[in-house]
């Protein structure tokens, strides 16, 4: 009876389909790559270094083991910046300038890739926020938005009301 229960349980276990991957590319398509899915993890990085490298409020990365990553095309179009102070390396497409890969010396078997470069799902949704206390003060933090009249699809933050100082006779 136990063997039957074990066999039924084994039949229900989902196994990753052979060759299931997620592909990505730089903006111009010169550099193409793929990872086996699911990715190890995904996160939003609010650090100043990622903000500067990506040119945005925060960068969203997908992490993959290097053994599950394959460069499909464009090795000659990749340029790399290594920061000896932080032990990190960032790769970019030399043709279109798109950020490609982020690697850290303290995680030598991992490669991190901007989520936006993938065409489809990676098997992981970003659930983590790194360096949140370092987020820029101009980053949108979920404040209420309303439509901007005359501009379909444009949302805006309503101006904040200025607080009036209390009347002097109440002080």
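Nothing in this text is a laboratory measurement; each read-out follows from the coordinates by a stated rule. Quick caveat: nothing in here was measured; it's all calculated off a predicted structure. In this analysis, Cβ positions are derived from the backbone assuming ideal geometry, glycine residues included, and neighbour counts consider all displayed protein chains.
So how long is each side of segment 99-171 along the principal axes, counting just the alpha-carbon atoms, biggest first, in Å?
68, 38, 21
For segment 32-76, what is the convex hull volume of the alpha-carbon atoms per residue, in Å³?
Measuring per residue, one finds 97 Å³ for the Cα hull of segment 32-76.
When DSSP assigns beta bridges and you keep just the ones with both residues in segment 20-135, what percent turn out antiparallel, to the nearest 5?
Details: 32 of 35 bridges.
Counting DSSP beta bridges with both partners in segment 20-135, the antiparallel share is about 90 percent.
For residue 140 and residue 116, what is the calculated FRET efficiency with R₀ set at 25 Å and r taken between the beta-carbons, to the nearest 0.05?
With R0 = 25 Å, the Cβ-Cβ based efficiency is 0.90.
For segment 20-135, report the translational diffusion coefficient in µm²/s to the nearest whole number, using Stokes-Einstein at 37 °C, 0.692 mPa s, and a Kirkwood Rh over Cα pairs.
231 µm²/s
Sort 154-160, 21-27 by the packing proxy (mean of other Cβ within 10 Å over each peptide's residues), most packed first.
21-27, 154-160
Specify the angular offset, from 0 to 90 degrees and rounded to the nearest 10, of the alpha carbon long axis of helix 2-12 from the longest principal axis of the alpha carbons in the chain.
60 degrees
Using a 10 Å cut-off around each Cβ, can you sort 106, 121 from fewest to most neighbouring Cβ atoms?
Fewest-to-most ranking of 106, 121: 106, 121.
With a 10 Å Cβ neighbour count serving as the proxy for reagent exposure, in which order, fewest first, do 139, 88, 60 appear? Write down the numbers at each step before the final one.
On the way: 139 12, 88 19, 60 16.
Ordered from fewest to most neighbouring Cβ atoms within 10 Å, 139, 88, 60 come out as 139, 60, 88.
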